[in-house]
Amino acid sequence: DTAFTGIPIFSGTFEGNGHRIKGFSLTNEGSNQGLFRYLEETSTVRNLIVEGKLYPDGSRSLIGGIAGNNAGHIENCVFSGSVTGADNVGGIAGINELTGIIENCQVYGTIHGDHFVGGIAGKNYGVIRNCSNLTKINTTAQENSVEISDITLNSMTSSESVITATDIGGISGSNNGVVKNCQNHGNIGYQHIGYNIGGILGSQSGYIAECTNYSNIQGRKEVGGIVG
């Protein structure tokens, strides 16, 4: 329960040995925020449990419970708590880069973001496999409120409006990589709000296999049990 700035860059092996970090609180201003801000391609973080909350100020892009930006290997990790951001928001990583691998990870709690939001990763260019989401993502009216002053004719007709949630998924908000053998057990979205909402992926142009959604998915347009 003490403000924490995050480990800036990590490129080695962090062996959690099943231990738990409790009371993790991240309220910094800016982007690329998480327990680790950047995990390099040579890094491995494994067997770690993190409990806490992330609600940074400012740009709030690339926000993840374990890593803001992951280019390495995150394995057998659990995040439990709440994550709030604007773009590229995930329970494990804000973005999983081309060389990034996230496997055997679980997320519990609540997640909220505006664009590219996922239970495991906000955006995925690498590999996500054998992961489960048990968080609720963008499920309350307060999280999805829209200011009347922000509404314009263009925002009402556009499917990519900046004032509404887009690309929200139980595993990843957007996928250009590989998502395999993953499960979603958390409710996603709010009625009549949001575009590209899916139980596994919000939007998809990569590879997806052997994935299952068990929960309710809601939105305004492009809503699917597996892919929005």
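Data table
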item	result
Check: the chain dipole with +1 on Lys, Arg Cβ and -1 on Asp, Glu Cβ, in debye	420
Partner lysines for residue 180 [C-alpha distance under 26 Å; skip if fewer than 8 residues away on the same chain]	123, 136, 221
Highest average packing first - 19-30, 101-112, Cβ atoms within 10 Å	101-112, 19-30
The chain: calculated mean residue ellipticity at 222 nm from DSSP helix runs of at least 4, using -39500 (n - 2.57)	-500 deg cm²/dmol
GNM flexibility winner over the chain from 59, 82, 132 (Cα, springs under 10 Å)	59
Cα centroid separation, segment 170-195 to segment 81-117 (Å)	11
Accessible-area composition of segment 167-228, carbon plus sulfur, in percent [1.4 Å probe]	41
Globularity ratio of segment 1-110, using Cα Rg and 2.2 N^0.38 Å	0.92
Modelled FRET efficiency - R0 30 Å, residue 13 with residue 210, Cβ distances, 0.05 increments	0.55
Compactness of the chain, expressed as Rg and Dmax over alpha-carbon positions, Å	15.9, 54
Added length on full extension, which subtracts the Cα-Cα distance from 0.36 nm per residue, residue 180 to residue 192	1.4 nm
Taking the chain and dividing mean pair separation by its residue count, relative contact order in percent (alpha carbons under 8 Å, at least six apart)	13
Residue of 44, 164, 13 that the Gaussian network model of the chain assigns the largest fluctuation, springs spanning Cα pairs under 10 Å	13
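The values are calculated or read from the model by the stated rules, or taken from the named source; none is laboratory data. Just so it is clear, the model here is predicted, and its values are computed rather than measured. All Cβ positions, even for glycine, are placed from backbone atoms using ideal geometry, and neighbour counts span all protein chains on display. Only protein heavy atoms, including side chains, enter the accessible area calculation; ligands, DNA and RNA are left aside. Shrake-Rupley method; radii C 1.70, N 1.55, O 1.52, S 1.80 Å.
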